[in-house]
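Notes follow the structure.
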Amino acid sequence: MTVEREVTPRLAATTILVRARDSQPEILLLKRGEHARFMPNAYVFPGGAIDPGDESDDMYDRCAGLNDRAAASLLGLPSNGLRFFVAAVREAFEECGLLLAYGPTGEWVDLSIWDEAHVREARLQVSAGRLNLAALCEAHGWRLAVDKLIFFSHWITPPGKLRFDTRFFLSLAPPRQYACLAGDEMSELVWHTAAEALSAHANDELLLMFPTRQILKDIAACKDIDELFDYANRPRAIAPITPVLPQGMAR
């Protein structure tokens, strides 16, 4: 009899990026490639596993408005909380090109003045580990806008061969930046209201995994973008949720 080894979930961070469309929150969703190891063809929020560099002193020094102690407190952790915020910013930049960062005078970084090929190359270099995001920020006088991330939800993948322990953050999409794909991890990028995405899933037009659907349902319950951020900023206990797989479902 073969006994499966318990798989420890990898720590991860995800960013729910929203923008206003007629006062309604419109959410960015990325479609994972059909050959992805984890959730192939599913539409997801930008995110991924924490990298060792996410908790380096250099990276922490480039964070604005939040230190590790405060970040850990927000997440209900004894320490090492800031790495989740850093990973959320980095993954969003790598996967959709939106960089949550402030310029030298405290304004949002304006990537619209950059050549598109230059931004794409920087994203690919960061993703491949050939360019450190902290070094990129230091070269341009940028600071990561980790203080704009609101802890929204916490999900842990059910037991299986590939597991993640993921903190989800909510943030407005930065202005003067344009979401686009780079690399081959994702195959499509769309903006939808929560109601549109849930309707498309019900009609088999968008594949949404259970945590994504539940988060979108929470967003859909808010009448407009102001109510969404009021709800997100409200003090509340956020406990980790592990979905229960149906009996006999393949892992």
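The values are calculated or read from the model by the stated rules, or taken from the named source; none is laboratory data. All values derive from a computational prediction rather than experimental measurement. As a convention, Cβ positions derive from the backbone with ideal geometry for all residues, glycine included, and neighbour counts pool all protein chains shown.
Assorted remarks:
- Among the numbered conditions (1) in contact with a Pro (Cβ under 9 Å, 6 or more places away or on another chain); (2) modelled with pLDDT of 95 or more; (3) among the aliphatic types (A, V, I, L, M); (4) within 20 Å of Leu189 (Cα to Cα), the only one that Ala72 does not meet is (4).
- Qualifying positions in the range 5-29 - of a type outside the set (Gly, Ala, Ser), touching a residue at least 24 places away in the same chain (Cβ under 8 Å) and closer than 22 Å to Pro158 by Cα: Glu6, Val7, Thr8, Pro9, Arg10, Leu11, Thr14, Thr15, Ile16
- Of all residues in the range 198-223, those that are assigned to a helix (DSSP H, G or I), surrounded by 15 or more Cβ atoms within 10 Å (Cβ to Cβ) and more than 17 Å from the chain's Cα centre (by Cα) total 4.
- Yes/no for Glu6 being in a loop (DSSP other than H, G, I, E, B) and of a type in the set (Asp, Glu): yes
- Checking Met1, Met39 one by one, the residue that is surrounded by fewer than 22 Cβ atoms within 10 Å (Cβ to Cβ), under 30 Å from Thr193 (Cα atoms) and at pLDDT below 95 is Met39 and no other.
- Residue pairs meeting the criteria (Cβ under 9 Å; at least 6 apart or on separate chains; first over 11 Å from Ala42 (Cα atoms) and modelled with pLDDT under 95, in the range 185-211; second in a helix (DSSP H, G or I) and charged (D, E, K, R)): Glu185/Glu94; Glu185/Glu95
- For first residues located in the range 107-129 and touching a residue at least 24 places away in the same chain (Cβ under 8 Å), partners that are crowded, with 18+ Cβ neighbours inside 10 Å and aromatic (Phe, Trp, Tyr) and lie 6+ apart or on another chain with Cβ distances below 6 Å form the pairs Val109/Trp142.
- Residue within the range 168-177 that is closer than 29 Å to Gln24 by Cα, in contact (Cβ under 8 Å) with a residue 24 or more places away in the chain and surrounded by fewer than 13 Cβ atoms within 10 Å (Cβ to Cβ) present: yes
- Ala20 being at pLDDT 95 or above, of a type in the set (Gly, Ala, Ser), closer than 19 Å to Ile215 by Cα and more than 17 Å from the chain's Cα centre (by Cα): yes
- Residues of the range 215-233 satisfying the condition of being of a type outside the set (A, V, I, L, M) and out of contact with any strand residue (DSSP E or B) (no Cβ under 8 Å at 6 or more places or on another chain): Lys217, Lys223, Asp226, Glu227, Asp230, Tyr231
- Some residue of the range 49-57 being part of a loop (DSSP other than H, G, I, E, B) and on the phi > 0 side of the Ramachandran plot: no
- Hits in the range 117-134 - residues which are assigned to a helix (DSSP H, G or I) and exposed (fewer than 13 other Cβ atoms within 10 Å of the Cβ): Ala117, His118, Ala128
- Where Asp230 falls short, out of the listed (1) farther than 20 Å from Ala88 by Cβ; (2) crowded, with 16+ Cβ neighbours inside 10 Å; (3) not small (Gly, Ala, Ser): (2)
- Condition check for Asp147: at positive phi and either out of contact with any Leu (no Cβ under 6 Å at 6 or more places or on another chain) or buried (at least 16 other Cβ atoms within 10 Å of the Cβ) (or both): no
- Condition broken by Pro104, with the remaining ones in (1) without any contact (Cβ under 8 Å) to a residue 12 or more places away in the chain; (2) part of a loop (DSSP other than H, G, I, E, B) satisfied: (1)
- Odd one out for Leu172, checked against (1) under 20 Å from Asn233 (Cα atoms); (2) of a type outside the set (Val, Ile, Thr); (3) modelled with pLDDT under 95: (3)
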